[in-house]
Amino acid sequence: MNIVWLEHVFKEYALGEQSVQALRDISLNVENGAFLAIAGPSGSGKSTLLNLIGCIDTPSRGKIFIEGQDISGQTPDELSELRARTIGFIFQTFNLFPVLSAQENVEYPLLQFRELSGTERRSRVSEYLSIVGLSKFANHRPNQLSGGQRQRVAIARALATQPKIVLADEPTANLDHKTGEGILQLMKDINDSLKTAFIFSTHDRRVMEMANRLVRIEDGEILRQDTGAEGKSETLPKV
Ligand code: ADP
Ligand code: MG
C-alpha cells in the first residue's frame, strides 16, 4: 500500500516579477515502510518536494495524498493534526532548541498530545533516546553534544510522536562521512524494526547507496527511479 502519492505536482515560487518553477509534473508513489532517497544537485527541488509532502507548503498544481487523503481538501487545523501525528522531520542543521536538554527537545512535540500523561511522555522520551543510543546524554544541551549526537536527538524527536513517515532533508550534509553513515545506518535500522517510512534527500553517493529506492531529480523533474545497492526494493511504480 502507498502511504504517500503525488499526482502531477507543480510548484512555482513568485520571485519579484519573475517566477521560479521549482517542481514540474512530479508523480510519485511511496510505499508503506519505504527507505527512499531523493537525490539531486543543489537547487533541483529536493527541499521543495519534502516540504510539500510534509504539508509545510502547498503545490501550485496537482494533488498530494497522504494515507489516501487528498491533503488539498483539508483545513489548516486538519493539516496541522496530520503533520503532528503522521509526519516527523529531520533537518540538515538539526534544528534543536539550544536552551533545552536532549530529553526536553525530544519531549517538546509530545506536549501537544493532550492524551499523554506526564509519566507516559517521559517514558516515551527515554524509550526513543535509548533507541538512538543517547540515554546517558539525556541532560546534555545541544552545545554539549557532537554533530552526530545532535542529529540522533533530532531523530529521537522525529520518532517520539510515532509517525508513519519521517522526512529528512539532507540529514548528513553537516556531518563527516563516517558520522553521516552512522546516522543513515541508524535510520535504516529503525526503518527495519519499526517499519517507519523514511524519505530523505541527499547529494552524497554513499548515502544514496543505502536507500532501497532512489528517485533522481533535476531542475524540478524526476529523471529516473532505481533500486538501491541491496536490490531489496519493492516493484517500481510507473511514473
Ligand atoms: P534543493 O533543496 O534541491 O537545493 P530547493 O527545493 O531548495 O532545491 O529549490 C528549488 C528551486 O526553487 C531553486 O531554484 C530555488 O532557488 C527555488 N526556491 C526554493 N525556495 C524558494 C522560495 N521560497 N522562493 C523563491 N524560490 C525558491
Ligand atoms: Mg535543499
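Structure data summary
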read-out: Förster radius 45 Å - calculated FRET efficiency between PHE113 and GLU209, Cβ distance, rounded to 0.05; value: 0.80
read-out: Helix axis angle, 118-131 relative to the chain longest principal axis, alpha carbon, degrees; value: 70
read-out: Apportionment of accessible area to carbon and sulfur, the chain, percent (1.4 Å); value: 46
read-out: 0 to 90° range, to nearest 10: angle between helix 147-160 axis and the chain longest Cα axis; value: 80
read-out: In region 147-198, the trypsin sites (Lys or Arg not before Pro) that fall in loop regions by DSSP, at most 13 other Cβ within 10 Å; value: LYS195
read-out: GluC sites (Glu not before Pro) lying in DSSP loop within region 1-82, provided at most 14 other Cβ fall within 10 Å; value: GLU17, GLU67
read-out: 3J(HN,Hα) from dihedral phi, region 106-114, Karplus parametrisation 6.51/-1.76/1.60, rounded to Hz, x for glycine, proline; value: 6, 6, 3, x, 7, 5, 7, 8, 4
read-out: Spatial separation of Cα centroids for region 138-158 and region 39-103, in angstrom; value: 21
read-out: Probe 1.4 Å, protein heavy atoms only - accessible area per residue of the chain in square angstrom; value: 49
read-out: Computed E for ALA138/HIS177 - FRET, C-beta separation, R0 25 angstrom, nearest 0.05; value: 0.35
read-out: Kirkwood Rh, Cα atoms: Rg over Rh of the chain; value: 0.96
read-out: Crossing angle, helix 177-194 versus the chain [Cα axis fit, 0-90 degrees, rounded to tens]; value: 90
read-out: Lysine-lysine proximity count for the chain, Cα under 26 Å, sequence distance 8 or more or distinct chains; value: 28
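The values are calculated or read from the model by the stated rules, or taken from the named source; none is laboratory data. This structure is a prediction, so every number in the text was calculated from the model and none was measured. Here Cβ is always computed from backbone atoms with ideal geometry, including for glycine, and neighbour counts include all displayed protein chains. Just the protein is used for accessible areas: all its heavy atoms, side chains included, with ligands, DNA and RNA removed. Shrake-Rupley method; radii C 1.70, N 1.55, O 1.52, S 1.80 Å.
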